Amino acid sequence: DTGVSQNPRHKITKRGQNVTFRCDPISEHNRLYWYRQTLGQGPEFLTYFQNEAQLEKSRLLSDRFSAERPKGSFSTLEIQRTEQGDSAMYLCASSRGTASMNTEAFFGQGTRLTVV
Amino acid sequence: GNSVTQMEGPVTLSEEAFLTINCTYTATGYPSLFWYVQYPGEGLQLLLKATKADDKGSNKGFEATYRKETTSFHLEKGSVQVSDSAVYFCALSTRNTGNQFYFGTGTSLTVIP
């Protein structure tokens, strides 16, 4: 396993277009997280899945943001009607956890979104 | 709520100098604490972790001790190298918030020869 994989690495889109990013986690990891990172800031939590269940989505930035993990494996993050303020690095991470244990999160290299 | 506060950078040190990056936290519940590092052009990598009070995490010459009484997890290294130049993030996770990770704003370190 080569770690968490994100595609594409870079995306340039025009304002108002929809974009979708993909994340393939480490195969035995049941938890998958999406974060957003802007310049000079730490990663900001967006949402997370345990297997295919999205257990926390209140931190998604607006209703233009949505995420899925249909079979508990890969996940997609979609941004509809992009705005210039959506320009950022979008990070995916995965971990192996239970109710009583949490391992560290392993991060992908991110997808850098530029909205022009 | 949960949050992490890191000392602000940027930090510039000469090679072989002693490094301390301060990190304090607030948490509901009993958190696990982490330091992540981001080298230029790369993703976040786990540097070290500690899961209970008084635990010391260590890796690559870096150390941090989980201090519950002062709610701190300061990162230290006795002798930095040019290759340690990166951005360092302190983070916590707690089981009662779904194990999501809360990050500090990061501290940029530049080591000059």
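The values are calculated or read from the model by the stated rules, or taken from the named source; none is laboratory data. From a predicted model like this one, the values you see are computed outputs, not experimental measurements. Note that each Cβ is placed from the backbone with ideal geometry, even for glycine, and that neighbours are counted across all protein chains shown. These accessible areas exclude ligands, DNA and RNA; they are computed on the full protein's heavy atoms, side chains included. Shrake-Rupley method; radii C 1.70, N 1.55, O 1.52, S 1.80 Å.
Quick notes
- Of everything in the range B:31-58 that is hydroxyl-bearing (Ser, Thr, Tyr) and modelled with pLDDT of 95 or more, the residue that is farthest from the chain's Cα centre (by Cα) is B:Ser58.
This table checks each residue for (1) outside any strand (DSSP E or B); (2) open to solvent by 30 Å² or more (accessible area, probe 1.4 Å).
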{"residue": "B:Val4", "(1), (2)": "no, no"}
{"residue": "B:Thr28", "(1), (2)": "yes, yes"}
{"residue": "B:Trp35", "(1), (2)": "no, no"}
{"residue": "B:Glu42", "(1), (2)": "yes, yes"}
{"residue": "B:Val87", "(1), (2)": "no, yes"}
{"residue": "B:Thr105", "(1), (2)": "yes, yes"}
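- Count of residues meeting criterion [open to solvent by less than 50 Å² (accessible area, probe 1.4 Å) and of a type in the set (S, T, N, Q)] in the range A:39-54: 1
- For beta carbons closer than 8 Å, sequence separation of 6+ or different chains, a first residue in the range A:15-36 that is away from chain B (no Cβ under 12 Å) and on the phi > 0 side of the Ramachandran plot and a second that is open to solvent by less than 10 Å² (accessible area, probe 1.4 Å) and not in a strand (DSSP E or B), the qualifying pairs are A:Gly16/A:Thr82.
- All strands (runs of 3 or more DSSP E) inside the range A:3-43 with 1 or more residues being farther than 23 Å from B:Leu92 by Cα and among the basic types (Lys, Arg): A:10-13, A:19-24
- Only one of the numbered conditions (1) away from chain B (no Cβ under 14 Å); (2) outside any loop (DSSP other than H, G, I, E, B); (3) open to solvent by 10 Å² or more (accessible area, probe 1.4 Å) is violated by A:Arg81, and that is (2).
- Of the residues screened, B:Thr24 is one that is under 13 Å from the mean Cα position of the chain (by Cα), in a strand (DSSP E or B) and at negative phi.
For every residue, the table says whether it meets (1) modelled with pLDDT under 95; (2) of a type in the set (S, T, N, Q).
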| site | (1), (2) |
| --- | --- |
| A:Thr13 | no, yes |
| A:Gln17 | no, yes |
| A:His29 | yes, no |
| A:Gln41 | yes, yes |
| A:Glu52 | yes, no |
| A:Leu55 | yes, no |
| A:Ser62 | yes, yes |
| A:Gly72 | yes, no |
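- Filter result (touching a helix residue (DSSP H, G or I) at 6+ places or on another chain (Cβ under 8 Å) and among the hydrophobic types (A, V, I, L, M, F, W, C)) within the range B:9-56: B:Leu19
- Residues (in a loop (DSSP other than H, G, I, E, B) and within 28 Å of A:Tyr90 (Cβ to Cβ)) located in the range B:61-75: B:Phe73
- Subset tally (residues that are of a type outside the set (S, T, N, Q) and at the interface with chain B (Cβ under 10 Å from one of its Cβ atoms)) for the range A:50-65: 3
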